[in-house]
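Participant: Please read through the structure below; I'll follow up with questions.
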Amino acid sequence: MNTRQHAPVKHTAFFRFYEELNDFLPEELHKKPFPIKFIGKPSIKDAIESIGVPHTEIDLIIVNTESVGFDYRLHGNEYVSVYPVFESLDITSLVHLRPKPIRVTKFVVDVNLGKLARKLRLLGFDSLFKNNFTDDEIIKLSLQEKRVILTRDKGILKHNVVTHGYWIRNDDPKLQLSEVVSRFQLQNSLAPFTRCSTCNELLHQVDKAQIQDRLPLKTRLFCKSFMECGGCGKIYWRGSHYKQICKMIEILKRI
């Protein structure tokens, strides 16, 4: 009697990732087809994320010649083309995999991106950040308040419930800011000096007489216009960094 069990049958599909999706792949796999072996019939979403690409970065998947959703089951011998968000190409007749863009761009920023959060607030963007946020808290805020998750952790973007998220490629906070402005096309949405960089609340004009006892002597003597945070009460004025910040804003507008 033969009791030997047969080994599971392995199938192969060929994947190719386009444009910035290659940022998630080893260099030797960039911009060319490569085989993925699997057992059974996994969903195409699970297969893609096992390669390292979060589903939040993907807008279109073509299997052979047809567009498919994340629930498509691989069988073997497929040729899979995976595309990021399209800015100009008309793909209205195909299966979009991302929800429609959030009309008012708001962010929830992961714990490793505190400097980026402060810079986004400086530009006027509603950006929630705490250095002790858990992944569950970030995801909950994203879903409840329709916020885009910004993170350096690919893992959080692979949660099934996450709909809007972006993996920050750069390590440098200045480059991160340029990256976010460019990626979300925020050049015409900048509203600098309207939001507190410390607590994210909106600023309002305040009379100098009401706050002069809280000002440094030189500021009290030479500055006339002041803004106050409606949350933490921090006072803002056009100090030594004002011109430098304005230069940065002009550069961002031209990205």
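Any read-out appearing in this document is the output of simple, stated calculations on the displayed coordinates, not a laboratory observation. Just so we're clear, the structure is a prediction, and the values are computed from it rather than from any experiment. A quick note on method: Cβ atoms are made from the backbone with ideal geometry, for glycine too, and the neighbour counts reach across all protein chains shown.
Participant: Hey, what do the phi angles of the range 161-171 turn into as Karplus ³J(HN,Hα) couplings, whole Hz, using 6.51/-1.76/1.60 and θ = phi - 60°, x for Gly and Pro?
Facilitator: 7, 5, 10, 10, x, 8, 8, 6, 7, 8, 8
Participant: Additional query: Gaussian network model of the chain, Cα springs within a sub-10 Å range: biggest mean-square fluctuation belongs to which of 44, 138, 211?
Facilitator: For the chain, modelled as a Gaussian network with Cα springs under 10 Å, the answer is 211.
Participant: Under 5 Å between amide hydrogens, which residues at least 5 positions from residue 226 or on another chain qualify, with H placed 1.01 Å from N in the peptide plane?
Facilitator: Sorted by chain and number, the residues that satisfy this are 206.
Participant: Okay, next question. Where in the range 177-215 does the amide nitrogen come within less than 13 Å of the point 7 Å from the Cα of residue 19, taken along Cα to Cβ?
Facilitator: Of the residues in the range 177-215, 183-185 have backbone N under 13 Å from the label point off residue 19.
Participant: Quick one: angle between helix 135-145 and the longest Cα principal axis of the chain, in degrees between 0 and 90, rounded to 10, please.
Facilitator: Once rounded, one gets 70 degrees.
Participant: Please label the shape of the range 42-89 as rounded, prolate or oblate, based on the square roots a ≥ b ≥ c of the eigenvalues of the alpha-carbon gyration tensor (a/c under 1.5 means rounded; beyond that, a/b larger than b/c means prolate, else oblate).
Facilitator: oblate
Participant: Restricting to lysines 8 or more places apart or on different chains, can you count the pairs in the range 203-253 with Cα atoms under 17 Å from each other?
Facilitator: 6
Participant: Label residue 206 and residue 32 with points 7 Å out from Cα along Cα→Cβ: what is the distance between them in nm?
Facilitator: 6.1 nm
Participant: Still on this model: Can you order the peptides 220-226, 14-20, 52-58, 62-68 by their average number of other Cβ atoms within 10 Å per residue, highest first?
Facilitator: 52-58, 14-20, 62-68, 220-226
Participant: Would the chain count as rounded, prolate or oblate if I go by the C-alpha gyration tensor, calling it rounded below 1.5 in a/c and otherwise prolate when a/b exceeds b/c, oblate otherwise?
Facilitator: Judged from the Cα gyration tensor, the chain comes out prolate (a/c at least 1.5, a/b above b/c).
Participant: Just for the chain, what percent of DSSP beta bridges are antiparallel, to the closest 5?
Facilitator: Bridges in the chain are about 65 percent antiparallel.
Participant: Using only Cα atoms and rounding to the nearest 10 degrees, what angle (0 to 90) does helix 242-253 make with the longest principal axis of the chain?
Facilitator: 30 degrees
Participant: Sticking with this structure for a sec: Which order do the peptides 164-173, 181-190, 238-247 come out in when sorted by mean C-beta neighbours inside 10 angstrom, highest first?
Facilitator: Top of the packing list down: 164-173, 181-190, 238-247.
Participant: Still on this structure: Assuming 0.36 nm per residue, please report the length gained on full extension of the stretch residue 213 to residue 199 beyond their Cα-Cα distance.
Facilitator: That works out to 2.8 nm of additional length.
Participant: A further question follows. Applying 1/(1 + (r/R0)^6) with R0 = 45 Å to the Cβ-Cβ distance of residue 222 and residue 131, what FRET efficiency is obtained, to the nearest 0.05?
Facilitator: Plugging the Cβ-Cβ distance into 1/(1 + (r/R0)^6) gives 0.85.
Participant: What relative contact order, as a whole-number percentage, does the range 13-76 give when Cα pairs under 8 Å and 6 or more residues apart are counted?
Facilitator: The value is 35 percent.
Participant: Okay, next question. Going by amide H atoms built from the backbone, whose H comes under 5 Å of the H on residue 149, apart from near neighbours?
Facilitator: Result for residue 149 returns 108, 164, 165, 166.
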